[in-house]
1. With every protein chain left in place, what is the accessible area of residue 141 in Å² (1.4 Å probe, nearest 10)?
2. If you roll a 1.4 angstrom probe over the protein chains with everything in place, what fraction of the accessible area of segment 149-209 belongs to carbon and sulfur, to the nearest %?
Amino acid sequence: MPDPQKHDMHGLHDSGFLPLRRELMRKSLHVLALVIPATMLFLGKPPSIFIFGGLALLGVALDILRAGKAPVNHWIVNFFGSLMRPREKELPQGRVVVNGATWAMLSAFILILVFPVQVAAFAFTIFMLGDAAAALAGRRLGRIHLGRSPKTLEGSLAFLGTALLISLVFPGINFWHGAASSLAACIAEALPRPLDDNLRVPLVAAAIMLAAQQL
């Protein structure tokens, strides 16, 4: 799953960035994560709240547990370390570090709890696929940086283009509503804060989609 610095790895040789092959592995998980919006659409709101609420709680519990129990963290890093960012593995002085997968589960839970199913599923989908496109395009093609941010215009355009394509084909979504949501999500993804972008971007996308539908 993604983390607060998405397509900020494009062309930069920072020790916190993953090699391209490993980044491709991480982003392939975004495609697998489409089971989350599919579950929302197929099962509906009450079962999805139960499922993603439980998974979010489990993720938070494991992150807290591994902060205080070195053997638990060692076990998690051994199994999933190749897909984790360095900052997600290192737990200085027992500090709790919420990893990208936990943030994604929290995002899915809040989305399905607060928003209509269609809106929640759409917002999560454009983030998962748009974020993957931004990271890979920025990594390979990124040249124009957004201010002092390590993120790039090329990465952001890849995010927006992917989200707009999804708006064209996503069932039950008006394209123009989807376009407004996609643009807002693109801007939110380019910003470094507040909150982790696994949470920030889908929530912004869903809120703008809901607002557009009310106009």
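The values are calculated or read from the model by the stated rules, or taken from the named source; none is laboratory data. What you are looking at is a predicted structure, and each value in this text was computed from that prediction instead of being measured. All accessible areas refer to the heavy atoms of the entire protein, side chains included, with ligands and DNA or RNA removed. Shrake-Rupley method; radii C 1.70, N 1.55, O 1.52, S 1.80 Å.
1. The value for residue 141 is about 110 Å².
2. On the way: 2000 of 2490 Å².
Answer for segment 149-209 is 80 percent, counting heavy atoms of protein chains only.
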